[in-house]
1. On the basis of being within 16 Å of the ligand (Cβ to nearest atom), at pLDDT 95 or above and part of a helix (DSSP H, G or I), does V101 make the cut?
2. Here is a check on your reading of the model: is V184 in contact with a helix residue (DSSP H, G or I) (Cβ under 8 Å, 6 or more places away or on another chain) and either at pLDDT 95 or above or within 21 Å of P155 (Cβ to Cβ) (or both)?
3. Can you name the number of the only condition in (1) under 29 Å from K131 (Cβ atoms); (2) out of contact with any Ser or Thr (no Cβ under 7 Å at 6 or more places or on another chain); (3) of a type in the set (G, A, S) that A220 fails?
4. Write out, first by first residue and then by second, each pair whose Cβ atoms fall under 7 Å of each other, whose residues are 6+ apart or on separate chains, and whose first residue, in the stretch 124-135, is within 21 Å of S163 (Cβ to Cβ) while the second is more than 6 Å from the ligand (Cβ to nearest atom) and not in a helix (DSSP H, G or I).
5. Pick from S247, S255: which is closer than 18 Å to L27 by Cβ, among the hydroxyl-bearing types (S, T, Y) and surrounded by fewer than 17 Cβ atoms within 10 Å (Cβ to Cβ)?
6. Out of the stretch 52-93, which residues are within 16 Å of the ligand (Cβ to nearest atom) and among the charged types (D, E, K, R)?
7. Can you pull out the residues in the stretch 154-177 that are farther than 12 Å from P207 by Cα and not in a loop (DSSP other than H, G, I, E, B)?
8. Please determine, by comparing only the residues of the stretch 117-173 that are among the aromatic types (F, W, Y) and within 16 Å of the ligand (Cβ to nearest atom), which one is farthest from the chain's Cα centre (by Cα).
Amino acid sequence: MNQPADILTQAPFTHSAINQSAFRDDLFAGRVAFVAGGTSGINLGIAKRFVELGAKVALIGRNYDKAIQAARSIGSEAQSMAMSADVRDYDVVRAALQSTVEAWGPIDYVISGAAGNFVAPAAGMSANGFKVVVDIDLLGTFNVFRAAHDLVRKPGASMIAISAPQAAHPRTLQAHACAAKAGVNQLVRVLAMEWGREGIRVNAISPGPIAGTEGMARLAPTPEATAARIARIPLRRYGNLHDVAESAVFLCSQSAAYVNGTVLDCDGGASLGDASDREIGQGIA
Ligand code: COA
């Protein structure tokens, strides 16, 4: 059951500013971004925010109609374009990147966020089921970054992979996603080392529980499950699309000029562990 995002992301503290930004409105004017998996959720949220800040954004997704709909939802044809491309197919991804450059010139920001997932025990997962998630998440990220390498503006380009807490924290029923996202984090570090000298920064964002996403609807489908999860998060709220988009804006901004090869947890501290009153209270009592 989907629950209203504004309720889930309200912090109990007045000092915690929600949906604010430290960045100026024209930060990305004249810039070009390419977002893989940008037709929904976190990636679409990033694409939308980049358009708001003045960038032209090209989106790719597997379904063309969905991609076109997504592009029109965030801006005019002058601001956003959509192409259908499966990140598992290098040649198709390369062609989409080339079309972007032909239309708008060198690409400044590349976001690789296409992901696939399902919940299953390893023993109930076929070899193909494991492979399909690794192919979308890990091979897909390699394809997007590798194909973009000579098409980005150098120096100054920023590439961001959308990772997940599973990369660092093993989780049952997620053998494929854990393996794939751990690979994504390590790929980001290697590319950061190899491409830094060309003026390309490569980083990842690991979003925690984000309200309104397909993942959270599946992981916490009832108000009770949601309340229980929120009670364990240090900041006592879910994140929202704006929170993740702002992390991406930061990593692409001049403010992150010396940030390279990092995995930025945007999760309210959730991945650190259980911070519930019960847990903390045990130490105090
Ligand atoms: N449990 C076990 N195996 C599953 C499964 C499930 N719930 N869902 C898919 N699989 C297996 C299939 O059985 C198949 O294996 P097989 O050929 O041995 O039978 C394999 O995964 C590929 O499935 P298929 O549906 O053909 O692949 P696809 O490329 O169309 O779909 C998925 C990719 C599997 C990731 C699909 O779940 C998907 O597209 N999801 C939507 C995107 C998404 O998950 N987003 C979440 C982002 S966090």
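1. no
2. Yes: the conditions hold for V184.
3. Among (1) under 29 Å from K131 (Cβ atoms); (2) out of contact with any Ser or Thr (no Cβ under 7 Å at 6 or more places or on another chain); (3) of a type in the set (G, A, S), the lone unmet condition for A220 is (2).
4. As it stands, the answer is D135/R88, since those pairs meet every condition given.
5. S255
6. R62, D65, K66, D86, R88, D89, listed by residue number.
7. Passing the criteria: A157, S158, M159, I160, A175, H176, A177.
8. Here the residue is F130.
The values are calculated or read from the model by the stated rules, or taken from the named source; none is laboratory data. What you are looking at is a predicted structure, and each value in this text was computed from that prediction instead of being measured. As a convention, Cβ positions derive from the backbone with ideal geometry for all residues, glycine included, and neighbour counts pool all protein chains shown.
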